[in-house]
1. Only one residue in 335, 355 is at positive phi, of a type outside the set (D, E, K, R) and in contact (Cβ under 8 Å) with a residue 40 or more places away in the chain. Which one?
2. Residue under question is residue 93, and the condition is that it be open to solvent by less than 40 Å² (accessible area, probe 1.4 Å), under 30 Å from residue 60 (Cα atoms) and polar (S, T, N, Q); does it hold?
3. Which of (1) out of contact with any Phe, Trp or Tyr (no Cβ under 8 Å at 6 or more places or on another chain); (2) more than 21 Å from residue 155 (Cα to Cα); (3) touching a residue at least 40 places away in the same chain (Cβ under 8 Å) does residue 281 not meet, given it meets every other one?
4. Return a yes/no flag: does region 406-418 have any residue that is without any contact (Cβ under 8 Å) to a residue 24 or more places away in the chain and not in a loop (DSSP other than H, G, I, E, B).
5. Quick check on this structure: which one of 270, 230 is modelled with pLDDT under 95 and in contact with a Gly (Cβ under 8 Å, 6 or more places away or on another chain)?
6. How about region 351-399: which of its residues are over 30 Å from residue 239 (Cα atoms) and of a type in the set (D, E, K, R)?
7. Kindly establish whether residue 294 is surrounded by 22 or more Cβ atoms within 10 Å (Cβ to Cβ), touching a Ser or Thr at 6+ places or on another chain (Cβ under 8 Å), closer than 24 Å to residue 391 by Cβ and not hydroxyl-bearing (Ser, Thr, Tyr).
8. Return the pair list, or none, for Cβ contacts closer than 7 Å from residues in region 87-98 that are closer than 13 Å to residue 318 by Cα to residues that are surrounded by fewer than 20 Cβ atoms within 10 Å (Cβ to Cβ) and basic (Lys, Arg), at least 6 apart or on different chains.
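The values are calculated or read from the model by the stated rules, or taken from the named source; none is laboratory data. Given the structure is predicted, the values throughout are model-derived calculations rather than measurements. Reconstructed Cβ throughout: ideal geometry from the backbone, glycine too, with neighbour counts over all protein chains shown. To get the accessible areas, we keep the full protein, side chains included, count just its heavy atoms, and leave off ligands, DNA and RNA. Shrake-Rupley method; radii C 1.70, N 1.55, O 1.52, S 1.80 Å.
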Amino acid sequence: MKVLVIGGGGREHALAWKLAQSPKVQMVYVAPGNGGTASDMRLKNVAITEVDALADFAQAEKIGLTVVGPEAPLAGGVVDVFRARGLRVFGPTRAAAQLESSKAFSKDFMKRHGIPTAAYETFSDAAAAHAYVDRMGAPIVVKADGLAAGKGVVVAATLDEAHQAVDWMLLDNKLGVTHNAGGARVVIEEFLVGEEASFIVLADGKHVLPLATSQDHKRLKDGDAGPNTGGMGAYSPAPVVTPNIHAKVMHEIIQPTLDGMARDGIPYTGFLYAGLMIDAQGNPKTLEFNCRMGDPETQPIMMRLKSDLLDVMTHAADGTLDQVELQWDRRFALGIVMAAHGYPEQPRKADVITGLPAEAPDAVVFHAGTTRLSKDLVTSGGRVLCVTALGDSAKVAQARAYEALAGIAFDGMQFRHDIGHRAIKR
């Protein structure tokens, strides 16, 4: 079978890498792909990003399955277009993808269906938003209502920070984010205390299959300091998600979400990612929903998956997920993101990357913001690489990942030195 993976980041490299391992796969096309997918003989980059052109390609090449990686094409309705042409595709429809593409839609949905989440209000008027911030106090969380590539959330420790975030997102709209009806809007919500975890499942409209648990590191610098980013590293499993908490999340968050979407006439198919905050008593609340795999969580999760991903994805696209069981490597997987100079505000491009290690059974370098420029591999985005390794414990996986990273160099590179510290502490 020929497979198409839509996207060009680290998540898509990891998905394509895993799909290519299936003996049933003839070729995995990645659109548009990156420097890493271009270097892998099992993968082929396709320089297409426009939705109708992607569907044309899938028809012309007789693609048997398309897997959509990033949020933007999902919010743009790529699944609707593919389905209308009778093409097998895995991902949520444009309507279902509102769980991610609109924070206001998502919060209203959770409130309506009794899914535990932080208290909130939604504003398009800056004066009203500022008054709400003053009334609620700090710390408080300000979120842009729309897709912001992981940069639309400010966890404000002070009132000044919160007011600045409101002005930045609402008055200046520096992120250029618009919600589904157009214009800028913010969701302001209570600050939740606890430990974050990523809980990702596959859904086919009726059935649900949880993936291995994971956690990521959102802050740029060691010790969880610095600005929020799209993610500076991740690991799987997440020790904070005990069997009891896992059952709670499935019962109180995941299943009610899928049931609620079906009741609202928007059956959910695709990856569903619940970003959780788990308090000291083991109670989970939903910070946000994403309608795709996490990045960089996908990289360690794919390293641990032993099942044939093509089989799993085919069942998911065909509505038969109840016929699948997933097999996992018992080892711990950990990925370290290497980011460009100036990330997250103004990442620099075209820095030459050297010293990439060869792929090993226990260590793989997944590419994100890389491209080929003549004979050189150069940076082309904020998050450049994710160096991912397996080990018998969190500490061993961490040591192996940093060992694999040690020879890699590019000017201005940034990475954290403490990825996995929470898991090791536990």
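1. Numbers: 335 fails: at positive phi.
After ruling out the rest, the residue left standing is 355.
2. Values: open to solvent by less than 40 Å² (accessible area, probe 1.4 Å): yes; under 30 Å from residue 60 (Cα atoms): yes; polar (S, T, N, Q): yes.
Yes; evaluated as a whole, the condition is true for this residue.
3. (3)
4. no
5. Values: 270 fails: modelled with pLDDT under 95.
The match here is 230.
6. Of everything in region 351-399, those that are over 30 Å from residue 239 (Cα atoms) and of a type in the set (D, E, K, R) turn out to be 351, 372, 375, 376.
7. On the way: surrounded by 22 or more Cβ atoms within 10 Å (Cβ to Cβ): yes; touching a Ser or Thr at 6+ places or on another chain (Cβ under 8 Å): yes; closer than 24 Å to residue 391 by Cβ: yes; not hydroxyl-bearing (Ser, Thr, Tyr): yes.
When the stated conditions are applied, residue 294 passes them.
8. What qualifies is 89/83.
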